[in-house]
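Below is one structure, written out as structure tokens; comments come after it.
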Amino acid sequence: MDAPSHSELLAIRRQKLDALVAAGVDPFGRGFETDGPVADVRAKFAEGATLRLAGRITAHRDMGKSQFLDLSDATGRMQIFLHAKEIGDEAFHVFKQIDLGDFLGVEGEAFITKTGEPTVRVKRFEVLAKSLRPLPDKWHGVQDTEIKYRQRYLDLIANPESREVFQKRIAIVRAIRRFLEERGFIEVETPMMQAIAGGAAAAPFQTHHNALGMDLFLRIAPELYLKRLLVGGFPKIFELNRNFRNEGISRRHNPEFTMLEAYWAFADFEKMADLVEEMVCHLAETICGGLLLEHRDAEGNVTKTINLARPWRRARYADLVEAAVPSWAALSPDARRAKCAELHLDISHCVADYEVTQHVFEKLVEEKTMDPLYVTHCPKELVPLAKQNAADPSVVDVYELVINGQEISPGYSELNDPIVQRQRLEEQSGGETQKIDHDFLDALEYGMPPAGGIGIGIDRLVMMLTGAESIRDVLFFPHMKPRAD
RNA sequence: GGGUUGGUAGCUCAAUGGUAGAGCAGUACCCUUUUAAGGUAUUGGUUCUGGGUUCGAGUCCCAGCCAACCCA
């Protein structure tokens, strides 16, 4: 329910709407030919040229008979000038019904004002859409995080810095596709609704197919279907799309998130690491202005610096833990727990010994690592779908890429032994065989080529590359609880 | 799930327990090159919701809703 004064502001705009209709003007106009988005029109700007552009009115400077307005879209802003005597009384009366936020299409002559501002002198204009609600403050923009996230369109209209983050995200996603395609990878689509939610350990969202009378799950990962395509003979594939996990929401988690998975037959995890390193540097250099990324706070102070300079450091998991806590490897499981208490690390949720070590790794290595680090030779318990190392079967041939204190990308030498894979999945399912994707295991038995595989969480990658501190700042429409009425 | 902080005009923000205010936006008027235009006047409030304490609550207490941050 709107507060009374809000209704008053709305009522005034409705009155202007009625006045437009009374003057024979359609307040919600039709198609309008332009010379392109506002930025393109600005690029074509030449004094004396006739220009046509359309956009939303974002500023109005009323000088009486002279009117200056800013016409904007997501690409830019252009000043337009309008004079009562030049357009005539009838048109000026229509113009008087225009508010900030309305969409206008204009045609006019390009000129430069005496303050040097490129401007379009309006000869004709059309009302393209009346805005019936007032826009956010033009100077402060939208500060309220709830409005930013719930009404993203207002954030995009009012906050240029938000718009820039999303434009970078769009550019990053496009560049990833191009990068992989140029290297012979093809993009494929696999089911988002799966009878068994496999490929990761996470709680799925459940739904129901009426006609088939069966439950389905939204996928938590596309992995098992992409591997079927390796079996089917596609050697270089990727999928860049949404996954769904029915878990908590936080600064780093949204129930649906975007994941890139890529598989390369006859490659291994080290080759995949080279590929990811090259790709992320390519993104930083072409979209984010270079390999040195600076994250800033609201005041513009640098809070964090990430240096992507190659080659990226590679180190074994055990060596990293050992460097963080000397003699860790020599300690017994009980001594390790005692050591954690000494270091004020809460390991109450850890059951197995490898979980204690993993907690030490997360707190003392991962969270403190800003520059890229490939963590290799991880314990096999952490990664059930990867190949065991030939020399040391207690570890697997994988990397975990850490940047910005977060895991950005895992890469595996994929397990293609169907017998070992079956054992691993059976152990993981804890005896609940209905949770095992038997068709996937059958597929492996037909033969899957050895392959390198990667996953990259696109939202976290964009956070790292743009300096966003919350995943909500890189998602157009982050998940929110409904607001009570 | 636990803790901390916040929710006041359309937006951005003020307000020792004592008459709810400002800037912008809006409205009216002045102004023929302004650009956060300027000037004069002016409208606009269930202070998130529901209880309680008090002579008196935006402010203190309790419960709830929503959000941000931290922890798990």
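Amide H to amide H, with H built 1.01 Å from N, residue A:123 comes under 5 Å of A:107, A:108, A:109, counting only residues 5 or more places away or on other chains. Scan the stretch A:364-403 for GluC sites (Glu not before Pro) in coil per DSSP, keeping those whose Cβ has at most 16 other Cβ atoms within 10 Å, and list them by number. When the GluC sites (Glu not before Pro) of the stretch A:364-403 are filtered for loop state and at most 16 Cβ neighbours within 10 Å, nothing remains. The ellipsoid that matches the Cα gyration tensor of the stretch A:4-135 has semi-axes, each √(5λ) in whole angstrom, of 25, 15, 14, with the longest given first. Treating cross-link reach as a plain straight distance, find the lysines whose alpha-carbon is under 18 Å from the alpha-carbon of residue A:368, omitting any fewer than eight places away in the same chain. Straight-distance partners of residue A:368: A:304. Computed from phi, the 3J(HN,Hα) profile of the stretch A:199-204 under the Karplus parametrisation 6.51, -1.76, 1.60 (θ = phi - 60°) reads x, 6, 10, 6, 6, x Hz, with x in place of Gly and Pro. The phi torsions of the stretch A:363-374, fed into the Karplus equation with coefficients 6.51, -1.76 and 1.60 and a -60° offset, translate into couplings of 6, 9, 10, 4, 5, 9, 9, 9, 6, x, 9, 8 Hz, rounded to whole numbers, with Gly and Pro shown as x. Between the stretch A:65-137 and the stretch A:296-348, how many Å separate their Cα centres? Rounded to whole Å, the Cα centres lie 57 Å apart. The trypsin sites (Lys or Arg not before Pro) of the stretch A:1-81 meeting both criteria, a DSSP state outside H, G, I, E and B (loop) and at most 13 other C-beta atoms within 10 angstrom of the site's C-beta, are A:30, A:44, A:65. For chain A, the longest principal axis of the alpha carbon atoms and the long axis of helix A:418-429 meet at an angle near 70°. Taking packing as the residue-averaged number of other Cβ atoms within 10 angstrom, the listed peptides A:340-347, A:284-291 run from highest to lowest as A:284-291, A:340-347. Based on protein heavy atoms only, chain A ends up with 51 Å² per residue of surface accessible to a 1.4 Å probe.
By accessible area, using a 1.4 Å probe on protein heavy atoms only, chain A has 52% of its surface on carbon and sulfur.
What does the C-alpha gyration tensor say about the overall shape of chain A? Classify as rounded when a/c is under 1.5, otherwise prolate if a/b is larger than b/c, or oblate. Verdict is prolate for chain A. Would you mind estimating how fast the stretch A:73-143 diffuses translationally, via Stokes-Einstein at 25 °C and 0.890 mPa s with the Kirkwood radius over Cα pairs, in µm²/s? It comes out at roughly 178 µm²/s. Taken one residue at a time, the phi angles of the stretch A:114-130 give Karplus couplings (6.51, -1.76, 1.60, θ = phi - 60°) of 6, 8, x, 8, x, 9, 10, 7, 6, 9, 9, 9, 10, 6, 9, 6, 7 Hz. Gly and Pro are set to x. Close amide H partners of residue A:252, meaning residues 5 or more places away or on another chain with modelled amide H under 5 Å apart, are A:471. Averaging the sequence gap over all C-alpha pairs within less than 8 Å and six or more residues apart, then dividing by the number of residues, gives chain A a relative contact order of 12 percent. Distance between the C-alpha centres of the stretch A:195-209 and the stretch A:152-183: 29 Å, rounded to the whole angstrom. When you filter the GluC sites (Glu not before Pro) in the stretch A:65-132 for DSSP loop state and at most 13 other Cβ atoms inside 10 Å of their Cβ, nothing is left. With the helix formula -39500 (n - 2.57) applied to DSSP H stretches of n ≥ 4, chain A reaches a computed 222 nm mean residue ellipticity of -10000 deg cm²/dmol.
Hey, what did the stretch A:343-436 get for relative contact order, percent, Cα under 8 Å, at least 6 apart? Taking the mean separation of contacting Cα pairs over the length of the stretch A:343-436, I get 22 percent. Across the cross-link table entries A:271/A:387; A:271/A:380; A:96/A:138; A:44/A:96; A:65/A:138; A:138/A:481, which are compared at the Cα atoms, the separations over 18 Å belong to A:271/A:380; A:96/A:138; A:44/A:96; A:65/A:138; A:138/A:481.
The values are calculated or read from the model by the stated rules, or taken from the named source; none is laboratory data. All values reported here derive from a predicted model rather than from experimental measurement. When we count neighbours, we look across all protein chains shown, and the Cβ atoms used for this are built from the backbone with ideal geometry, even at glycine. Please note that ligands, DNA and RNA were not included when accessible areas were found on the heavy atoms of the full protein model with its side chains. Shrake-Rupley method; radii C 1.70, N 1.55, O 1.52, S 1.80 Å.
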